[in-house]
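S.K.: Encoded as structure tokens, here's the structure I'll be asking about.
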Amino acid sequence: MGRICAPHGLKGWVKIQPFTQAIEGLLEYPEWWLGEKGQWRQHRIAESAVHGSMVVARLDGFTDRDTAAGLRGREVAVPRAAMPENRADEFYWNDLLGMEVSDRNASRLGHVAKILETGANAVLVVVQGDKELLVPFIQDVIVNVDLKARQLVVDWELN
């Protein structure tokens, strides 16, 4: 859902880069899970707000800049059960991770290892062996996303 970038101010607030479709999406959840290197811990949100293109928040128990600075780099998540149901032809980025990717000719390109947010559009990092392919996640390139089969078809070629 996002990543903590830095402390914000002197009273324990943090600045979060949201990965949600709408910047204010994170504000809907009263608790977040913060993780780093596979270690996750639940935190209650005391206060939060949109601040430009970022979200700022103060978590319960964090009252100064030094303790907030210790959260820098942590991933922000919420339980899947707390998230709204997808509508038809919608999915969460997390649904795409690990999916097999092939081109229109059914040639396997690899699997989705991660997703990069570039500002203009998201980019799928597709990995096969030691090769990495960057595929823009735009309507002209994404042909089909089959969540049940865990298969993604793209109009993209290996160079």
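The values are calculated or read from the model by the stated rules, or taken from the named source; none is laboratory data. Owing to the predicted nature of the structure, the values given are computational and were not obtained by experimental measurement. Reconstructed Cβ throughout: ideal geometry from the backbone, glycine too, with neighbour counts over all protein chains shown. Just so you know, the surface numbers come from the protein's heavy atoms only, side chains and all, with ligands and any DNA or RNA stripped out. Shrake-Rupley method; radii C 1.70, N 1.55, O 1.52, S 1.80 Å.
S.K.: How many residues does the stretch 64-108 contain that are assigned to a loop (DSSP other than H, G, I, E, B) and either modelled with pLDDT of 85 or more or within 18 Å of Ile4 (Cα to Cα) (or both)? Full working, then the answer.
M.R.: Here is the first cut: in the stretch 64-108, the residues assigned to a loop (DSSP other than H, G, I, E, B) are 64, 70-74, 78-79, 83-92, 97-99, 104-107.
Next, from what is left, pick out any that are either modelled with pLDDT of 85 or more or within 18 Å of Ile4 (Cα to Cα) (or both): 64, 70-74, 78-79, 97-99, 104-107.
Qualifying residue count, the stretch 64-108: 15.
S.K.: What tally of residues in the stretch 125-144 results from selecting those that are part of a strand (DSSP E or B), closer than 17 Å to Asp89 by Cβ and either of a type in the set (Lys, Arg) or in contact with a Leu (Cβ under 8 Å, 6 or more places away or on another chain) (or both)? Spell out the reasoning first.
M.R.: Filtering the stretch 125-144 for residues part of a strand (DSSP E or B) gives 125-128, 131-136, 142-144.
Next, only the ones that are closer than 17 Å to Asp89 by Cβ stay: 142-144.
Pick out the ones that are also either of a type in the set (Lys, Arg) or in contact with a Leu (Cβ under 8 Å, 6 or more places away or on another chain) (or both) and you get 142, 144.
Going through the stretch 125-144 one residue at a time, the tally reaches 2.
Results for (1) free of Cβ contacts under 8 Å to residues at least 24 places away in the same chain; (2) farther than 30 Å from Val123 by Cβ, shown as yes or no for each residue.
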| position | (1), (2) |
| --- | --- |
| Ala6 | no, no |
| Gly12 | no, yes |
| Ile16 | no, no |
| Pro30 | yes, yes |
| Val56 | no, no |
| Asp60 | yes, yes |
| Arg72 | no, no |
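S.K.: Hey, any hits in the stretch 136-156 for a residue that's in contact with a His (Cβ under 8 Å, 6 or more places away or on another chain), open to solvent by less than 80 Å² (accessible area, probe 1.4 Å) and not small (Gly, Ala, Ser)? Talk me through it step by step, then tell me what you get.
M.R.: Pass one, the stretch 136-156, residues in contact with a His (Cβ under 8 Å, 6 or more places away or on another chain): none.
Checked against the condition, which is being in contact with a His (Cβ under 8 Å, 6 or more places away or on another chain), open to solvent by less than 80 Å² (accessible area, probe 1.4 Å) and not small (Gly, Ala, Ser), the stretch 136-156 yields no hits at all.
S.K.: What pairs come out if I take residues in the stretch 121-142 that are among the small types (Gly, Ala, Ser) and pair them with residues that are open to solvent by 30 Å² or more (accessible area, probe 1.4 Å) and part of a strand (DSSP E or B) whose C-beta lies under 6 Å away, six or more apart or interchain?
M.R.: Ala122/Ile115
S.K.: A follow-up question, please. Surrounded by fewer than 17 Cβ atoms within 10 Å (Cβ to Cβ) and under 16 Å from the mean Cα position of the chain (by Cα): which single residue out of Arg80, Arg44 fits that description?
M.R.: Arg80 is the lone residue from the list that is surrounded by fewer than 17 Cβ atoms within 10 Å (Cβ to Cβ) and under 16 Å from the mean Cα position of the chain (by Cα).
S.K.: I'm told Gly35 meets every condition in (1) modelled with pLDDT of 95 or more; (2) loosely packed, with under 15 Cβ neighbours inside 10 Å; (3) of a type outside the set (D, E, K, R) except one. Can you identify the failing condition by its number?
M.R.: (1) is the only condition that Gly35 fails.
S.K.: Out of (1) farther than 30 Å from Leu34 by Cβ; (2) surrounded by 13 or more Cβ atoms within 10 Å (Cβ to Cβ), the odd one out for Arg104 is which?
M.R.: (2)
S.K.: Here's another thing I want to ask about it. Please pick out the residue among His8, His111 that is touching a strand residue (DSSP E or B) at 6+ places or on another chain (Cβ under 8 Å), within 30 Å of Arg150 (Cβ to Cβ) and modelled with pLDDT of 95 or more. Even if it seems obvious, please write down each step before you answer.
M.R.: On the way: His8 fails: within 30 Å of Arg150 (Cβ to Cβ).
Within the list His8, His111, the selection yields His111.
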